[in-house]
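Trainee: Take this structure first; my questions come after.
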Amino acid sequence: MTRLTVNGAEVVVTSDGDTPLLTVLRDELGLVGSRFGCGQGLCGACFVRLGDAVVPSCQTPLWQAEGQAVTTVEGLAGGEGPHPVQAAILERQAAQCGFCIAGIVVRAAALLDSEPGPDSARVAEALERNLCRCGSQQRIVEAVVAAGGGHG
Amino acid sequence: MGDVPAHIVANPRLGSWLTAGDGYVEVRVGKVELGQGIVTALAQIAADALGLPLAAVRMLPASTTGPDQGLTAGSLSVLHAGPALRHLGGAVRSLTSGPVHPPSAYVEAIRALDPETDLTGVEPASPAAPSEVGRSAQRLDLPDKVLGRPRYLADLRPEGLLHGRVLRPPSVGARLEELDDDWKAPGVGLVRDGSFVGVVGEREVEVDRALEQLERDCRWEERDLLPDQDDLPAWLREGPHEEIAVLDEGGPDFVAHSASYSKPFLAHASIAPSCGMARWDDDGLQVWSHSQGIHPLRAAVAETLDLDPDAVQVEHVENAGCYGHNGADDAAFDAVLLARAVPGRPVLARWSRRDELAWGPLSSAMTATVSAGLVDGRIAGWTYDVWSQGHSSRPGFRGAPGLLAGAHLATPVPLPPPTDPPLTAGGGSTRNATPIYTVGPRRVTGHRKTETPLRTSSMRSLGAYLNVFAIESFIDELAAIAGADPVRFRLNHLDDARARHVVDTAARLGGWGEPLPEDVGRGIGFARYKGVGAWCAVVAEVAAESDVRVRRLTVVADVGTVVNPDGARNQLEGGAVQATSWTLKERVRFDRRRITSDDWEGYPILGFAEAPPVDVHLVDSDQPSVGAGEATQGPTAAALANAAHHALGVRVRDLPLDRAAIVRAIEAQK
């Protein structure tokens, strides 16, 4: 039994401590917003917040999350609607297949929490560990800059 | 009565296209969402055709119970499905004397129609003025994806779900030599048939761990079948070949210049590994797949397992971006084989990243040689030869089922050697091998290598990527010999008014002729996709020192009538960025036995900091729509190479245009 907080709610999971956090989220908790892209921590599709850090959940064993607060893409939207990064991405249609976008939203939301108003170079740098194959990078960067209130 | 669209003739039953619910209609097309936004564009067309607001139109996933519209490929979806939906809508308006107000009453009238109505016998009412087509409607599928809701095939969690994994052989041609008959791992069952081996279980973590154990416990007999990755042009030129005579009008009397170009094998490299789901029960076999062609997949599954095709149903479910024939069909068949061992239970089979990069069909390596005459600054005769593997090994193409695991079964169903789509469908190796320019007598020949250990198939633009790169690089080389400006030289050889307009506009918007800093170059690339599709010119501005950094891309395209302007721009922009990645970074690597570029470190793609700003301009047009999804691939490659030449003074003819290629080009020039 492992106790952790997921998107603000305390949960107890039965997976053993070496189970990747991504598998716990998707298979045991049914939170499928974090995507499996590579299983090697190299694409960012499974990024979640663990405390203040953004981590690839596919490479994070459950024991590491014990007692900690995990925030997934599902936990970013508030009562009033989508997170500003999500709203800006939808407004600009800044995705094609969208498989990378949940991990990008998590990373970008963390960036805006720690650095208000980043410019496009800073956003691109922050997303260096997120891969996008459809070529939506420019729109995504513009959306994150806009969500942060910056001007490119 | 006017011509009935081919897809209505093939699927005449009203009920297979349209059903009505409470205040909305459900439209089922045979085209599928691949991440390109096509379902939204088709919903716009359907809404206008029916005379309903977009919000009252719900698009159902393609299914083998619905219309068969062949593959979703080749930038043909609007061209194929548009006329069918317009006929459908016109026929519904004619049958209901609609649209009547309010929409809910109209939907009721639609609901009252006989689903067995033969649409070929209904004279469609004349179209109303469009209100949805031409508008940048928001994508219908994106909210789920951006908000992290279940939407992808990998997210399906039906009652009784089991997870499945297949252990792919370590190399092409490998045979499973040894595995204990009583092999066991906690929580899983083993499925084995010849060299096909996999595990199925309730819990994903146990299935993943069992796969690792299985990998340790299997012994394989392997062979060295792969070519020398550093000498692919020579290997491609070795036979046997099938000759593809595209055009023979002679050639140049005197050759003024000749050059050869090449590209390596490329991978689709989608962000998600392929997956599939299947369930066997008394009624037959149900399959869920992100395939580009669910009807051919059904036929291939049935043929491989000797089933009645009517006992197999396939439904499309979206997954990550699809840029051609990837592992989708193969993963679906993996699920079928694994689920056969557990009747009544759905099995979700997901590939690994390694499977995706090493076992998904590849885009073929290619090489081409161009020769031309030049008289008084004009091209006088042209010879073009291209060597390639085939660009299609899709399920059912040329009769063979072509499903990966079939080749590994105890009674194997071998994979067919890749072939090419016919020239009438744009060809494969020779797609865009014929120059659009007026060049005097032309001889254009393809040489398709017929024996190969590497499985290749369709990837975004097929052979057009290399052919346009070669032709457009060569045009710049000829312009230099003629002492002409590359844009002026192109315009001097272009008769087609829409082509001239696109080139001219790209030059103007791309800042052609404006001064540049040192080490920065500008280049152009242009083509009309397949010779009958979209006109597209790209102007690239690159900074080149030890490697190439793209400062800006300007894309101008004429795609005819635009259904969804922002969607078309998104496709062109994404295509240009993906082509930048292919051109600057990508190459499938292997030793003589195994594919070695099997993770993101071995097969790097363009990152956020490297992705260029892209300006896209669509030419205003009321001409028929042509697809936008593949138009930028070749022009972008050529624009980058021409810009790098402008910046560095050396020409890279062998892709990728990376640091090593630049060093080789500089060495070669010394």
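The values are calculated or read from the model by the stated rules, or taken from the named source; none is laboratory data. Only a predicted model underlies this, so the values are computations on that prediction, with no experimental measurement involved. Positions of Cβ are backbone-derived with ideal geometry, glycine not excepted, and every protein chain shown enters the neighbour counts. Areas reflect the complete protein model, heavy atoms only, side chains present, ligands, DNA and RNA absent. Shrake-Rupley method; radii C 1.70, N 1.55, O 1.52, S 1.80 Å.
Trainee: Please go through region A:73-100 and pick out each residue that is more than 7 Å from chain B (Cβ to nearest Cβ) and either open to solvent by less than 50 Å² (accessible area, probe 1.4 Å) or outside any loop (DSSP other than H, G, I, E, B) (or both).
Mentor: A:75, A:76, A:78, A:81, A:83, A:84, A:85, A:87, A:88, A:91, A:94
Residue-wise test of (1) open to solvent by 10 Å² or more (accessible area, probe 1.4 Å); (2) touching a residue at least 60 places away in the same chain (Cβ under 8 Å).
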position: B:436; (1), (2): yes, yes
position: B:459; (1), (2): no, yes
position: B:464; (1), (2): no, yes
position: B:486; (1), (2): yes, yes
position: B:496; (1), (2): yes, yes
position: B:517; (1), (2): yes, no
position: B:520; (1), (2): yes, yes
position: B:524; (1), (2): no, yes
position: B:537; (1), (2): no, yes
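Trainee: Would you check which residues across region B:404-417 are more than 19 Å from residue B:450 (Cα to Cα) and in a loop (DSSP other than H, G, I, E, B) and list them? Outline the logic, then answer.
Mentor: Within region B:404-417, the subset more than 19 Å from residue B:450 (Cα to Cα) is B:405-406, B:408-412.
Hits for region B:404-417 are B:409, B:410, B:411, B:412.
Trainee: Residue A:38 - would you say it is hydrophobic (A, V, I, L, M, F, W, C), surrounded by 15 or more Cβ atoms within 10 Å (Cβ to Cβ), outside the structural domain of residue A:110 (by TED's automatic domain parsing) and within 21 Å of residue B:209 (Cβ to Cβ)? Let's see the steps before the verdict.
Mentor: On the way: hydrophobic (A, V, I, L, M, F, W, C): yes; surrounded by 15 or more Cβ atoms within 10 Å (Cβ to Cβ): yes; outside the structural domain of residue A:110 (by TED's automatic domain parsing): yes; within 21 Å of residue B:209 (Cβ to Cβ): yes.
In short, yes.
Trainee: Something else now. Within region A:112-123, is even one residue hydrophobic (A, V, I, L, M, F, W, C) and more than 10 Å from chain B (Cβ to nearest Cβ)?
Mentor: Kept after step one, since they are hydrophobic (A, V, I, L, M, F, W, C), are these residues of region A:112-123: A:112, A:121, A:123.
If we keep only those that are more than 10 Å from chain B (Cβ to nearest Cβ) too, we end up with A:112.
Checked against the condition, which is being hydrophobic (A, V, I, L, M, F, W, C) and more than 10 Å from chain B (Cβ to nearest Cβ), region A:112-123 yields at least one hit.
Trainee: When region A:1-35 is examined, which residues are found to be exposed (fewer than 11 other Cβ atoms within 10 Å of the Cβ) and basic (Lys, Arg)?
Mentor: Across region A:1-35, there are no qualifying residues.
Trainee: Related question: Hey, could you check region B:72-92 for residues that are assigned to a helix (DSSP H, G or I) and out of contact with any helix residue (DSSP H, G or I) (no Cβ under 7 Å at 6 or more places or on another chain) and say which is surrounded by the fewest Cβ atoms within 10 Å (Cβ to Cβ)? Let's see the steps before the verdict.
Mentor: At the first step, the residues of region B:72-92 found to be assigned to a helix (DSSP H, G or I) are B:77-92.
Those left that are additionally out of contact with any helix residue (DSSP H, G or I) (no Cβ under 7 Å at 6 or more places or on another chain): B:79, B:83.
Details: B:79: 15, B:83: 19.
By that ranking, first place goes to B:79.
Trainee: Would you mind telling me which numbered condition in (1) in contact (Cβ under 8 Å) with a residue 40 or more places away in the chain; (2) within 11 Å of another protein chain (Cβ to nearest Cβ); (3) not in a helix (DSSP H, G or I) residue A:133 fails?
Mentor: (1)
Trainee: Kindly list, by first and then second residue, each pair from a residue in region B:306-333 that is over 20 Å from residue B:66 (Cα atoms) to a residue that is in a loop (DSSP other than H, G, I, E, B) and charged (D, E, K, R), limited to pairs with Cβ atoms under 7 Å and residues at least 6 apart or on different chains.
Mentor: These pairs meet every condition: B:321/A:133; B:323/B:460; B:324/B:460; B:325/B:394.
Trainee: So which of B:202, B:177 is at pLDDT 95 or above, within 14 Å of chain A (Cβ to nearest Cβ) and open to solvent by 90 Å² or more (accessible area, probe 1.4 Å)?
Mentor: Numbers: B:177 fails: within 14 Å of chain A (Cβ to nearest Cβ).
Exactly one residue qualifies, and that residue is B:202.
Trainee: Is it the case that some residue within region B:591-605 is of a type in the set (D, E, K, R) and open to solvent by less than 10 Å² (accessible area, probe 1.4 Å)?
Mentor: Start the filter on region B:591-605 by keeping residues that are of a type in the set (D, E, K, R), which leaves B:591-594, B:598-599, B:601.
Then drop every residue that is not open to solvent by less than 10 Å² (accessible area, probe 1.4 Å), which leaves none.
Checked region B:591-605: no residue is of a type in the set (D, E, K, R) and open to solvent by less than 10 Å² (accessible area, probe 1.4 Å).
Trainee: Restricting to region B:24-71, what's the tally of residues that are away from every other protein chain (no Cβ under 14 Å), assigned to a loop (DSSP other than H, G, I, E, B), open to solvent by less than 40 Å² (accessible area, probe 1.4 Å) and touching a residue at least 60 places away in the same chain (Cβ under 8 Å)?
Mentor: 7
Trainee: Now a separate question. Does region B:542-562 include one or more residues that are within 14 Å of chain A (Cβ to nearest Cβ) and part of a loop (DSSP other than H, G, I, E, B)?
Mentor: Within region B:542-562, the subset within 14 Å of chain A (Cβ to nearest Cβ) is B:549-555.
Those left that are additionally part of a loop (DSSP other than H, G, I, E, B): none.
Checked region B:542-562: no residue is within 14 Å of chain A (Cβ to nearest Cβ) and part of a loop (DSSP other than H, G, I, E, B).
Trainee: Just to check your reading of the model, which residue among A:21, A:31 is within 9 Å of another protein chain (Cβ to nearest Cβ) and touching a Ser or Thr at 6+ places or on another chain (Cβ under 6 Å)?
Mentor: Details: A:21 fails: within 9 Å of another protein chain (Cβ to nearest Cβ).
Going through A:21, A:31 in turn, the sole match is A:31.
Trainee: Those residues that are open to solvent by 40 Å² or more (accessible area, probe 1.4 Å) and within 14 Å of another protein chain (Cβ to nearest Cβ), I need them from region B:116-143; list them, please.
Mentor: Passing the criteria: B:135, B:136, B:138, B:140, B:143.
Trainee: Can I ask one more? Filter region B:180-199 down to the residues that are more than 36 Å from the chain's Cα centre (by Cα) and farther than 15 Å from residue B:347 by Cα, then identify the one that is modelled with the lowest pLDDT.
Mentor: Selected residue: B:181.
Trainee: Out of B:314, B:301, B:336, which single residue is at negative phi, touching a Lys or Arg at 6+ places or on another chain (Cβ under 7 Å) and either within 14 Å of another protein chain (Cβ to nearest Cβ) or outside any loop (DSSP other than H, G, I, E, B) (or both)?
Mentor: Unique residue meeting the criteria: B:314.
Trainee: Now for a separate question. Just checking, how many residues over region A:20-52 are assigned to a strand (DSSP E or B) and without any contact (Cβ under 8 Å) to a residue 40 or more places away in the chain?
Mentor: Final tally of qualifying residues: 1.
Trainee: Ok, one more. Collect the residues in region A:52-72 that are open to solvent by 30 Å² or more (accessible area, probe 1.4 Å) and either among the charged types (D, E, K, R) or farther than 22 Å from residue B:146 by Cβ (or both), keeping them in residue-number order.
Mentor: Residues satisfying the conditions are A:52, A:53, A:59, A:63, A:64, A:66, A:67, A:68, A:69.
Trainee: I'd like the full set of residues that are open to solvent by 20 Å² or more (accessible area, probe 1.4 Å) and either modelled with pLDDT of 95 or more or part of a loop (DSSP other than H, G, I, E, B) (or both), limited to region B:384-399. I'd like the intermediate steps shown before the answer.
Mentor: Residues of region B:384-399 that are open to solvent by 20 Å² or more (accessible area, probe 1.4 Å), as a first pass: B:385, B:387, B:394, B:396-399.
Within region B:384-399, B:385, B:387, B:394, B:396 meet the criteria.
Trainee: Among the candidates B:534, B:576, single out the residue that is facing chain A (nearest Cβ under 8 Å) and within 20 Å of residue B:501 (Cβ to Cβ).
Mentor: After ruling out the rest, the residue left standing is B:576.
Trainee: Identify, from the list B:630, B:610, the residue that is under 17 Å from residue B:550 (Cα atoms), in contact (Cβ under 8 Å) with a residue 24 or more places away in the chain and acidic (Asp, Glu).
Mentor: On the way: B:630 fails: under 17 Å from residue B:550 (Cα atoms).
None of the others qualify; the one that does is B:610.
Trainee: Can you say whether residue A:126 is in contact with a Pro (Cβ under 8 Å, 6 or more places away or on another chain) and facing another protein chain (nearest Cβ under 9 Å), as far as the supplied structure shows? Talk me through it step by step, then tell me what you get.
Mentor: Details: in contact with a Pro (Cβ under 8 Å, 6 or more places away or on another chain): yes; facing another protein chain (nearest Cβ under 9 Å): yes.
In short, yes.
Trainee: Only residues that are assigned to a loop (DSSP other than H, G, I, E, B) and surrounded by 14 or more Cβ atoms within 10 Å (Cβ to Cβ): list them for region B:102-115, please. So that I can check it myself, show each step before the final result.
Mentor: We begin by selecting, within region B:102-115, every residue assigned to a loop (DSSP other than H, G, I, E, B); these are B:102, B:112-115.
Correct list: B:113 only.
Trainee: On to the next question. If residue B:597 satisfies all but one of (1) out of contact with any Phe, Trp or Tyr (no Cβ under 8 Å at 6 or more places or on another chain); (2) over 29 Å from residue B:44 (Cα atoms); (3) assigned to a loop (DSSP other than H, G, I, E, B), what's the number of the condition it fails?
Mentor: With (1) out of contact with any Phe, Trp or Tyr (no Cβ under 8 Å at 6 or more places or on another chain); (2) over 29 Å from residue B:44 (Cα atoms); (3) assigned to a loop (DSSP other than H, G, I, E, B) applied to residue B:597, the lone miss is (1).
Trainee: I'd like to verify a number: residues in region A:108-131 that are within 26 Å of residue B:567 (Cβ to Cβ), within 15 Å of the chain's Cα centre (by Cα) and open to solvent by 10 Å² or more (accessible area, probe 1.4 Å), how many?
Mentor: 1
Trainee: Got a sec? Which of B:349, B:269 is out of contact with any Asp or Glu (no Cβ under 6 Å at 6 or more places or on another chain) and either in a loop (DSSP other than H, G, I, E, B) or within 14 Å of chain A (Cβ to nearest Cβ) (or both)?
Mentor: Answer to the selection: B:269.
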